[in-house]
Amino acid sequence: MRAFGLVPQDSRRAARSFEECRACFEGNHMIIWGSRLFGKVDAVPGLGYVATQFAHINYLPLFPMKSWLVVSEEGNGWRGQAIPLSWKSVLVAWGRVALIAAAAVSFFSGLGTYGDHGVRGGMPSWALTLLFIAAVIASYVWSGIAKASPERALEIARQADIPESSLDELRRAAEAPVAAPVPAQRWTPPES
């Protein structure tokens, strides 16, 4: 008897192996695998963002396959242009997963400590959990990760084989001087 590609030594072991494997797929157990985009970084206004396609199991990014300049998302799909592998995107994807896992471990550690020592025992772990969650959120909004610099935007556009005529707008944005901040005026209340 063959159970999932394995040839066991004796039939009793085969039956047990088959029953164990069958139990994995009964009820609410499900394994989701395939490829998906992770590591959204380097957003370029009017152009798109960089993300890396990973092989995944249960949405855990395992192996990077290729990076993409994603120009639009449609339902469950997306449109984009393949670019060379972006290690920034790969490291951000793995880092976000590590932070989420650390937050979960810290949270459940706090629950265990809470059971032994009360609220004060769990507080350090829960504070650490909030710190990990804040780091995940920061990875989506911090401009150093989320937005491409003007130079990086031009590099991404060249990697995606965008025509030179379309790059002129990106060049102008890269060369545009940043306006100096206007000094604050002292506020005086209106007279009644």
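The values are calculated or read from the model by the stated rules, or taken from the named source; none is laboratory data. Predicted, not measured: the structure shown is a model, and the values here were computed from it. As a convention, Cβ positions derive from the backbone with ideal geometry for all residues, glycine included, and neighbour counts pool all protein chains shown.
Assorted remarks:
- The combined condition, being exposed (fewer than 15 other Cβ atoms within 10 Å of the Cβ) and either more than 22 Å from A160 (Cβ to Cβ) or in contact with a helix residue (DSSP H, G or I) (Cβ under 8 Å, 6 or more places away or on another chain) (or both), is not fulfilled by L69.
- Just one of the listed residues (L47, L60, L37, L85) is modelled with pLDDT under 95 and either closer than 24 Å to E169 by Cα or among the small types (G, A, S) (or both), namely L47.
- Yes/no for A93 being assigned to a helix (DSSP H, G or I), at pLDDT 90 or above and either in contact with a helix residue (DSSP H, G or I) (Cβ under 6 Å, 6 or more places away or on another chain) or surrounded by fewer than 13 Cβ atoms within 10 Å (Cβ to Cβ) (or both): no
A quick yes/no check of all residues on (1) over 30 Å from Q159 (Cα atoms); (2) among the small types (G, A, S):
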residue	(1), (2)
A43	no, yes
Y49	no, no
V90	no, no
A102	yes, yes
S109	yes, yes
G112	yes, yes
A134	yes, yes
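- Candidate set from segment 145-182 (those that are of a type in the set (S, T, N, Q) and modelled with pLDDT of 85 or more); member that is farthest from G95 (Cα to Cα): Q159
- Exactly one residue out of T52, T129, T113 is assigned to a helix (DSSP H, G or I), under 28 Å from I32 (Cβ atoms) and polar (S, T, N, Q): that is T129.
- Out of A51, A82, sole residue that is surrounded by 18 or more Cβ atoms within 10 Å (Cβ to Cβ) and touching a Lys or Arg at 6+ places or on another chain (Cβ under 6 Å): A51
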